[in-house]
Structures are given as structure tokens and as C-alpha cells.
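Heads up: the structure comes next, in C-alpha cells.
Bear in mind these aren't lab numbers, they're just calculated from the coordinates by the rules spelled out. The structure presented is a predicted model; accordingly, all values stated were derived computationally and were not measured. No Cβ is skipped: glycine too gets one built from the backbone with ideal geometry, and neighbour counts run over all protein chains shown.
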Amino acid sequence: MIELIWAIPLIPFLGFVIVGLLRNTFPKPLISIIGCGVILTSFLLSCGVFKEVYEARQLGEDGIFVKEIFNWFTVGNFSVDIKFLVDPLSAIMLLIITGVGFLIHLYSACYMDGDPGFGKYFSYLNLFVFFMLLLVLGSNYLVMFIGWEGVGLCSYLLIGFWYKNSSYAKAAKKAFVMNRIGDLGFLIAMFFIIFNFGSLEYGAVFTEAGKLPMGDITLLTITLLLFVAATGKSAQIPLFTWLPDAMAGPTPVSALIHAATMVTAGIYMIARSNIMFTLSPVTMQIIAIIGIATALIAAFIAITQNDIKKVLAYSTVSQLGYMFLGLGVGAFTGAFFHVLTHAFFKALLFLGAGSVIHAMSNDQDMRSMGGLKKAMPITYVTMLLGTIAIAGIPPLSGFFSKDEILANAFVANPIFWVLGFLGALCTAFYMFRLLYLTFFGEFRGTANQKNHLHESPWQMTVPLIVLAILSVIGGLLNIPEALGGGHWLANFLSPVFQQTNAIVEPFHMEHSTEFILMGASAGGAIVMAFLAYNKYVKKNDIPAADAEAPTTGLYNLSYQKLYIDQIYNSLFVRPLNGLSKFLHRIVELSGIDSLVNGIGELFVSSGKGIRQLQSGHVGFYIFMMVIGVIAIMLYGLFTV
């Protein structure tokens, strides 16, 4: 099956081409079959590839395969090949992208059925999956960068899918611009890598990087630039404000971006480059600090948001912060473990929110909801499981992955654990707040909405059920030793982190300490769930309308998202707009244009004056010729 690795990204690309070209000819059912079928085919191939890697690992081998597709270009001694790398890390990523991606495609077939851009939507979705597969399969940074840019392009197309709405178009533009800022870091980092290592191939780069001493300035520069790129793609401070606005796109797109594709790219890239980051302790510290700060800020903002998708969007930013915290403290497996479980429960929660929005006739305000669990039992039960998972309540998946990150954070620096614990408390509170406001109490919407309430069709509920099951059992992949587990995921991924594991001390914590930390984390989440129940169900404390919301204090700070967008507008957007207007009006119109036009007008005027000499009167020409001869004679007379 490894021989067919090239087909895994190619098939979704063919789906993009076929659906994109024939979208106005094919009926919607055929578009659905092609759009979903290509992703399902890639998923089945990915299962075959994973099986071979798994069997290799069972035999004690590394399970690493490289397949050369073709030579792209050669300049002197520098050559870049299109090669695909299959190892335990990319094999799992293939399953996430194609598996969760297929469920989102299936869901979309029903969710987007009434949209006039149905075919265009599916072609974009197929293209998105193609670029993400390219990103994780590339065996060098250049192929990764192509996928990196491709997912950025697709996010722009899909976030602004309903581009006639100007605010949606602006959200797409914001995502595009912020990602380009980060991408510049990636581009410069590649130049540094070529200059210092003479190659972009992972194997060659990591071998040479591993020979450098700890704290080497070259690695510090490269890793900082790569981290800048990761902050853009994975929405970390300061480039995180685009992700909450990205919910402007169709809800399945939000699920795809937040769970299975784009935002995981930054974590994947750092995990892939683990040896370079491990040898750059300063960068690791910065990643940990940025990660925990992002996790806390996003969780603080999510507590007061009333748009069901916006709560989930800030939740994604916060959970990504935990993943970066894990990377920063050297818990590469833990960070990737959270990528895996987060893909399950965040896709579930977004698709569940889409099911609710579908029933509510596109109303996303939780203040208009309430009491939906009777009308939507499957959506309710699955979202309940997703909420328990993300809140970190055992034995669901989020508990194990978040606990592993927090345990490693405690060993690295107890302050990281305290801050992470506070973020986990906020997570439990705002997620149960979402659940209670949506599904409990009395319905608060209009009579028309109440009459329209219904459970979603099977194409939407089946993905919810599958993702709910995965959210429940996903944590079994890496149960810690303290609970009788064998760290299966860590062992499976060990060849990817082999160089790193050789130079760092293995993680160690007394089981008693680990039990205390787990107990505090789980107990805190349960207490926060109870507090949310007491406030939003027992006391029926429904959030006030916007006009009546407090305008001061912590609530206002959270509700206004810490005024970060306003600060960015004041510091960057308005000054740049002002500079652009100055350059346009003064420099371009009054300066350059005036100069160029003035020169043109000078020649035009001169031409008009000289044209008067071309009168057609022979006598005048003879007269001018005589004048000329006299002038030449006088010149000769005075110069002799």
C-alpha cells in the first residue's frame, strides 16, 4: 500500500477538478457522491498505509518509508524532489485528515443541500483536504510550504464562501492577511535552512542540526522564524484573532479548519522539527509562555460569548494554546495526543452546533435557544459527550491528553501547571454553560423557530455518533502508567522523536503526585460544571441582551474580547490605512502622477508649438533655411 501513497492526495485533487469543472452540469447527488467518495477512498488507502506502518512497528522497525515521486528542480548542487514521507506521525495525521474529513463531507452533503454554490463548496472542500495531505506527506520543507500556503488559500475561499456578506468577506481577508504575516516567517526560515544545511530534506536537515550544540544561534533563529509561522496558522498570540472570525464560513468548514486541517499544521510542523526546537531552549520557553497565555486569554473570552460558534472558536484557540504549552515543555507526544483527541471532540462540537443552527433556522445566539434536548436527543447526547471530553472529565479522551500536557508542564515549571489548571477550570465552565443554555430550561426562541425544531437527518447525525464514540474512547491510545496504561501512542511515535529522546531526560513523576494532579484537574472540572448548572439551569440566569450587558468590569472585558481587535485597529489597521491614503493621494497622485503627467504635458505642449512651424508654405520654409544658413555662417565666423 505504501507504493500507492501518491494516490492519497491525488484523489481529492481529482475530485476538486471534476466537481469544480462540472459543478453546473452535475446534479447535487452526483456531486455529493464524488465529493465524499474521493475522501472516503483516500481514507481507505490511509488505513492501508497505517496498517503497514503499524506492522513495521510491531516487528521492532522504525516504520519510516520515503517514496520519491519526481525530481522537481536542480540548481547546481541544490536539488528538490517531490517525495512523500510515511512514518508514524504522518500515518496518524492521514487518518485524522481523511477520516474526520470524510465525516465532515458527509455532513455537508445535507447541511449545504439548499445552497446555490453546492458544487463550488465541495470542490473547495476537496482542495482543502488535498493541500493538507500534501503538507503532512512532504519529506521536505518546500513541499510542506506548498501545502501550508494551499490550506491558507482554501481557508480564504471557504471562510468567505458567502462573500456577498461584506462582514464575511472581511473575515476571510483578515484570515488571509494574518496568515501571510506568519508565512513570511516560514519563508525566511527556509532560506536560513538552505544556507546553513544545504538542503530542505528533513532527514538531511535534522542530521546536521543534531550535530549543533544546545542553544546554537542558527537553530535559535530558524526555530523562532518557524514559530512565527506556527502562530499564524495555529492562531496563537498575537496572530489569533482571525480564527474566531473564521466562523463566518459554513459550519462544516469551521469543523474542518478547527479540527482536522489548518490549525493543526503549526503543531505538526514543530513536532516534525522537534530536534531543532529541543536544541533551542529559549524558543521552547517562548512557545510555552505564548501557549499558556493564549490558552488563558481565549478561555477568559469564551466565558461570556453568546454565539454558539464563537464560544467553540475561542475554545479552539485555548486548546491550541495547551498544545503549544506541551510543545514548549518538550511533551511532543502529549501535544500531538491532544491534537488527536481534539480533532474528535472539536469536530463533534462544531457539527453539533451546526445541527442546532440548522434546527434554529440559522440563529446562532444561545440566548434564543434552551430546552432543545427533547427535540434533538441525538445532538444533545453527542454534544454532552463532547463537552465532557473537552472539559477534561475522566474517562473521556480530553482528560488523558490534557492531563499529559499538564503533568509535563508541572515537571517543567509548576507555575505552568497552575495557569493551565486555571484555564482548564474556565474550559469546563464555558463548555457546560454552552450546553445548559442550548439544551436545558425553556425554549426562548420565536414561535416559528419552535415549530421548526427537529432532529437532523441521518447524514448529519451519523457523523455526530461516530465522533462521539471516538471522543469517548480516544484517550485509550495513551493511558499513563499511573493508571495501568502502557503509553501506546508514545511508543508508536518514538522513531519520530528518536533524536530528541536521546538528548533529554525521560519524563518522570511519582504516581502519587500524578494522582493528586489528575484528581485536582478532574475535580475542578466537575465543580465548574456544577457551578454552571447552578447559574444557568437552577437559577435560570440567562445572559442579558447586548444593550443591557455591563459596560465595565471583568464581564465587559471578557465580552469585548479584551478589546484586542480595537487595539489592533488602532495600532496597525488605522495607521496603515492612513499611510496608504497618504501614499495614494500625496505621493502617487500629487507626486508621481503629477511629475509623469507634467512631463507628458510638456512634450505635448512643445509638440503643439513646434507643429505651428509645419505650415505647408514653401516660402516660409525657404526663409527659415536662409536663417539657418546665416546662423551657421555666423557661428563659423566667431569660432574661427
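How big is the antiparallel share of DSSP beta bridges in the chain, given as a percent to the nearest 5?
Roughly 100 percent of the beta bridges in the chain run antiparallel, per DSSP.
Give the long-range amide H neighbours of G138: residues separated by 5 or more places, or on another chain, with amide H under 5 Å away, using H modelled in the peptide plane at 1.01 Å from N.
Hits under the 5 Å cutoff: L85.
Let me spell out the model: positive unit charges on the Cβ of Lys and Arg, negative unit charges on the Cβ of Asp and Glu, origin at the Cα centre of the stretch 26-109. What dipole size does that give, in debye rounded to 20?
It works out to roughly 380 debye.
Would you please put 443-454, 218-229 in order of how densely packed they are, using the mean number of other Cβ atoms within 10 angstrom per residue and starting with the highest? Spell out each step's value before the answer.
Numbers: 443-454: 13.6, 218-229: 22.1.
Most protected by this proxy first, the peptides run 218-229, 443-454.
Can you give the FRET efficiency to the nearest 0.05 for S615 and L589, using r as the Cβ-Cβ distance and R₀ = 41 Å?
0.60
Would you mind calculating the gained length between K170 and E481 on full extension (0.36 nm times residue separation, minus the Cα-Cα distance), in nm to one decimal?
Net length gain for the segment: 107.1 nm.
Go through the stretch 77-82 residue by residue and turn each phi into a ³J(HN,Hα) via Karplus (6.51, -1.76, 1.60, θ = phi - 60°); whole Hz please, and just put x for glycine and proline.
The phi angles translate into 8, 9, 9, 10, 10, 8 Hz.
Short version: ³J(HN,Hα) in whole Hz for each residue of the stretch 421-429, in order, from phi by Karplus 6.51 cos²θ - 1.76 cosθ + 1.60 (θ = phi - 60°), x for Gly and Pro, what are they?
Each residue of the stretch 421-429 in turn: 5, 4, x, 5, 4, 4, 4, 4, 5 Hz.
With a ≥ b ≥ c taken as the square roots of the eigenvalues of the C-alpha gyration tensor of the stretch 404-483, please select rounded if a/c is under 1.5 and otherwise prolate if a/b is larger than b/c or oblate if it is not?
Note, shape of the stretch 404-483 comes out oblate.
Going by amide H atoms built from the backbone, whose H comes under 5 Å of the H on M376, apart from near neighbours?
So M376 has HN proximity to no qualifying residue.
Can you figure out the FRET efficiency of L571 with A631, using R₀ = 51 Å and their beta-carbon distance, to the nearest 0.05?
It comes out at approximately 0.15.
Charges on Cβ only, +1 for Lys and Arg, -1 for Asp and Glu, centred on the Cα centroid of the stretch 19-101; of P88, G35, V53, which one is farthest towards the dipole's positive end?
Positive-end residue among those listed: G35.
Quick check on the chain: helices-only [θ] at 222 nm, where DSSP H runs of length 4 and up contribute -39,500 (n - 2.57) each and the sum goes over total residues. Nearest 500, please.
Helices in the chain give a 222 nm mean residue ellipticity of -22000 deg cm²/dmol.
If a/c stays under 1.5 just call it rounded; otherwise compare a/b with b/c (prolate if a/b is bigger, oblate if not). Do that for the stretch 366-437, with a ≥ b ≥ c from the square roots of the Cα gyration tensor eigenvalues. Spell out each step's value before the answer.
On the way: a/c = 5.92, a/b = 2.23, b/c = 2.66.
Cα axes put the stretch 366-437 in the oblate bin.
Is the C-alpha gyration tensor of the stretch 111-152 telling us rounded, prolate or oblate? Criteria: a/c under 1.5 is rounded; beyond that, a/b larger than b/c is prolate, otherwise oblate.
Prolate shape, in that a/c is at least 1.5 and a/b is the bigger ratio.
To the nearest 20 debye, what charge dipole does the stretch 481-596 have about its Cα centre, counting +1 at the Cβ of each Lys and Arg and -1 at the Cβ of each Asp and Glu?
460 debye
Taking the Cα atoms only, what angle lies between the long axis of helix 281-302 and the longest principal axis of the chain, rounded to 10 degrees?
Helix 281-302 and the main axis of the chain meet at about 80 degrees.
In this model, which of K67/K309; K346/K581; K28/K402; K28/K164; K402/K450; K120/K346 are farther than 32 Å apart at the alpha-carbon?
Flagged as over cut-off: K67/K309; K346/K581; K28/K402; K402/K450.
Using 0.36 nm times the number of residues separating I217 and N77, minus their current alpha carbon distance, what extension gain do you get?
Extending this stretch completely gives an extra 47.9 nm.
Return the sequence-ordered ³J(HN,Hα) values of the stretch 450-461 in whole Hz as given by the Karplus equation 6.51 cos²θ - 1.76 cosθ + 1.60 applied to θ = phi - 60°, using x for Gly and Pro.
4, 5, 8, 4, 6, 6, 6, x, 4, 4, 9, 7
Packing-wise, with mean Cβ within 10 Å as the measure, how do 579-589, 308-318 rank, highest first?
Values: 579-589: 11.3, 308-318: 25.2.
Descending mean neighbour count gives 308-318, 579-589.
Please give the length that would be gained between V177 and Y555 if that part of the chain were fully extended, namely 0.36 nm times their separation in residues minus their C-alpha to C-alpha distance (nm, one decimal).
133.1 nm
Taking Rg/Rh (Cα atoms, Kirkwood Rh) as the quantity of interest, determine which of [x] 1.13; [y] 1.36; [z] 1.06 was computed from the displayed structure.
[x]
Report, to the nearest 10°, how far helix 594-611 tilts away from the longest principal axis of the Cα atoms in the chain, using its own Cα long axis and a range of 0 to 90°.
So the helix axis and the longest Cα principal axis differ by about 20 degrees.
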